[in-house]
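A quick write-up on the structure given underneath.
The values are calculated or read from the model by the stated rules, or taken from the named source; none is laboratory data. Only a predicted model underlies this, so the values are computations on that prediction, with no experimental measurement involved. Cβ sites come from the backbone with ideal geometry, for glycine too, and all protein chains shown count toward neighbours.
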């Protein structure tokens with residue numbers, strides 16, 4: 001019986017090395033996928049926050065042109081280290097009268113699965129609305 005146990009132990013001597021060689025790349029790939037999806041979740045929060053900040057920055061301005069410029073500036077400042085491409089800010093509400101609403105849509109391409117070499121477009125869009133301040137800046 002001891003000979004069989006000793007013989008079996010010799011046959012299994014390199015098995016753990018093979019397991020490590022096979023499983024190590026799989027584990028590394030799994031960790032990279034988790035990091036990539038974590039960046040997507042972080043990007044979603046950043047785009048939503050940038051949309052909120054852009055809507056607020058635009059809603060306190062005196063005219064439409066200045067409002068859009070300030071909204072774009074706020075969104076770009078929030079998304080400077082998150083987006084891989086340009087930040088797009090578009091106004092989706094009608095009018096620009098006191099007491100109305102200022103709605104913007106912010107979108108950009110997030111660094112996500114690109115770090116894995118997968119060319120999957122990951123453009124995220126956030127939308128936010130802020131009331132136009134009746135006591136906004138005067139001319």
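Key figures for this structure:
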item	result
Test: residue 102 is surrounded by 13 or more Cβ atoms within 10 Å (Cβ to Cβ), within 21 Å of residue 135 (Cβ to Cβ), in contact with a helix residue (DSSP H, G or I) (Cβ under 6 Å, 6 or more places away or on another chain) and modelled with pLDDT under 90	no
Verdict on residue 127 being at pLDDT below 70 and closer than 18 Å to residue 52 by Cα	no
Positions within region 95-111 being touching a strand residue (DSSP E or B) at 6+ places or on another chain (Cβ under 9 Å) and either assigned to a loop (DSSP other than H, G, I, E, B) or more than 16 Å from residue 68 (Cβ to Cβ) (or both), in sequence order	95, 96, 99, 100, 108, 109, 110, 111
Residue 89 vs. criteria modelled with pLDDT of 90 or more, outside any helix (DSSP H, G or I) and under 30 Å from residue 132 (Cα atoms)	yes
Filtered residues of region 34-52 (kept if surrounded by 14 or more Cβ atoms within 10 Å (Cβ to Cβ) and more than 8 Å from the chain's Cα centre (by Cα))	36, 48, 49, 50, 51, 52
Count - residues of region 54-69 that are part of a helix (DSSP H, G or I), out of contact with any strand residue (DSSP E or B) (no Cβ under 8 Å at 6 or more places or on another chain) and either in contact (Cβ under 8 Å) with a residue 40 or more places away in the chain or buried (at least 19 other Cβ atoms within 10 Å of the Cβ) (or both)	1
